[in-house]
1. For the stretch 191-209, give me the residue count where each residue is among the hydroxyl-bearing types (S, T, Y) and not in a helix (DSSP H, G or I).
2. Residues that are open to solvent by 50 Å² or more (accessible area, probe 1.4 Å) and aliphatic (A, V, I, L, M): does the stretch 386-399 have at least one?
3. So if I check each of Y214, Y195, which one is hydroxyl-bearing (S, T, Y), more than 25 Å from A62 (Cα to Cα) and at pLDDT 95 or above?
4. Do any strands (runs of 3 or more DSSP E) lying entirely in the stretch 1-103 carry at least 2 residues that are crowded, with 17+ Cβ neighbours inside 10 Å, at pLDDT 50 or above and among the aromatic types (F, W, Y), and which ones are they?
5. Need the failing condition index for A261 against (1) within 18 Å of the chain's Cα centre (by Cα); (2) of a type in the set (A, V, I, L, M, F, W, C); (3) farther than 21 Å from H130 by Cβ, just the number.
6. Select from the stretch 369-393 the residues that are touching a strand residue (DSSP E or B) at 6+ places or on another chain (Cβ under 8 Å) and hydroxyl-bearing (S, T, Y) and list them in ascending order.
7. Kindly provide the set of residues from the stretch 162-195 that are closer than 23 Å to G310 by Cβ and either open to solvent by 60 Å² or more (accessible area, probe 1.4 Å) or out of contact with any Gly (no Cβ under 8 Å at 6 or more places or on another chain) (or both), ordered by number.
8. Which residue pairs have Cβ atoms under 6 Å apart, sit 6 or more places apart or on different chains, and have a first residue in the stretch 412-429 that is among the basic types (K, R) and a second that is open to solvent by 30 Å² or more (accessible area, probe 1.4 Å)?
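The values are calculated or read from the model by the stated rules, or taken from the named source; none is laboratory data. These numbers were taken from a predicted model, which means no experiment stands behind them. Glycine gets a Cβ as well: all are built from the backbone with ideal geometry, and neighbour counts include every protein chain shown. Surface accessibility is based on the protein's heavy atoms, side chains included, excluding ligands, DNA and RNA. Shrake-Rupley method; radii C 1.70, N 1.55, O 1.52, S 1.80 Å.
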Amino acid sequence: MSRDSSGSVRTRPGPLARVRRALGLAAAGVVAATGLVVLSEPAQAADTLGAAAAARGRYFGAAVAANRLGESQYVTVLNREFTSVTPENEMKWDATEPSRGSFSFGNADRIVNHARGRGMSIRGHALVWHSQLPGWVSGLSATDLRSAMNNHITTLMRRWQGQIHSWDVVNEAFEDGSSGARRNSVFQQRLGNGYIEEAFRTARAADPSAKLCYNDYNIEDANAAKTRAVYNMVRDFKQRGVPIDCVGLQSHFNAQSPVPANFQQTIAQFAALGVDVQITELDIEGSGQTQATNYRNAVNACLAVSRCTGITVWGIPDHYSWRASGTPLLFDGSYNKKPAYYAVLEALNGSSNPGDPGDPGTASCTATYTETQRWGDRFNGQVTVRANTAISSWAVTVTVTPPQRISTTWNGSPTWDGSGNVMTMRPNGNGALAAGQSTSFGFTVMANGTWSAPRIGGCTAS
């Protein structure tokens, strides 16, 4: 469950890491404003979300629908960008056990097999949830409901035992508002407060290797009553030895419910209880640089806490989002990367906005290096400059390792430091780029016996 554009709650149809491609040779992502440069480490910057997150010890995932896996663009972006998947609906109760004791796993298996075949991790979603329940569940007595719940958990977890990284064992069990009360679901009505603990104990017995998560929305603000209620439950579980490994913050944001200023504090407070934190269903309504800034802030909040182990966005292109009219995802309807995508990639690559984080006007760019040709005594390199925001000009530094020397350049205007080892390349003419646009320049390096890649030290945008 989440919020629509008015801020009201509505039910939706849904809601380790590995480097799948080699990191670019000595590429580096940076963010810069006129007169101020923030450089990343002079190592490689990744050019996909999953690879960049992996370099930070985290996964970057997407919610996936089985019926989209036959679409070439969808699968291309999924395979290129993400290292984790969460089935949108295919593991929910109505999809997997439509009638009591009769299980159906075809669509869920399709997602699991796709992910495992590409080395992606998998989040299981969701075992016990008040929504998307088949009708037969609500008619059960307390005894039958307890038996059915435990059997459902055990059957699903053993189906994919050892294959699921994390499970949302219980989903959205608390009410919104100021009460901090448990949601008045069929589980709460028949089984009382103890059903959550029982679900986690059953899950641990079914697959001891899987991480067991409690997942909810509207728990991103540390001061909210709902957040405090979940916090108190997790603290109690940890104190009493109830098996819980992680808390999932769904993180559906919009203008009425923006990324809270204390989001990092919230993540840190849960982590301090001894559990991992995962951002499990991230989407942020909006567009342009305002949306990009909000995404950047959310990602940076996770990166600032070591036990925030991964981020999942709830979908891939906007038009398949459960709230498509709010264009809340990182790719538009044509699978073009949006400014929000570049903001996330930049944050994952270790760069930060050097201006006010709430100011969408700060110019930024990213420089990525690729070796294009090699001969017995020299090699050619190309640097792609991509504008993350609209920029009027740019400058990129390239450093070679002595006794290497750059002998030739093209598509830019170079200057050199006194050593001759550091070149600063600027546009040869108009350097203006719109957000998302890119240009490139090239050069030849005389190796002189040294074949290390040049270091791309920074991209300064104005």
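1. Step one: of the stretch 191-209, the residues among the hydroxyl-bearing types (S, T, Y) are 195, 202, 209.
Going one step further and asking which of them are not in a helix (DSSP H, G or I), we end up with 209.
Here the count works out to 1.
2. Taking the stretch 386-399 as the starting set, the residues that turn out to be open to solvent by 50 Å² or more (accessible area, probe 1.4 Å) are 386, 390, 392.
Restricting the remaining residues to those that are aliphatic (A, V, I, L, M) gives 390.
Scanning the stretch 386-399, I find at least one residue that is open to solvent by 50 Å² or more (accessible area, probe 1.4 Å) and aliphatic (A, V, I, L, M), so the answer is yes.
3. Values: Y214 fails: more than 25 Å from A62 (Cα to Cα).
On inspection, the qualifying residue turns out to be Y195.
4. Values: elements: 31-33, 36-38, 59-64, 84-87.
Passing ranges, in order: 59-64.
5. Unmet condition: (1).
6. Going residue by residue through the stretch 369-393, those that are touching a strand residue (DSSP E or B) at 6+ places or on another chain (Cβ under 8 Å) are 369-374, 377-391, 393.
Within the stretch 369-393, Y369, T370, T372, T384, T389, S393 meet the criteria.
7. Going through the stretch 162-195, the residues closer than 23 Å to G310 by Cβ turn out to be 162-174.
Within the stretch 162-195, G162, Q163, H165, V169, V170, N171, E172, A173 meet the criteria.
8. R426/S413
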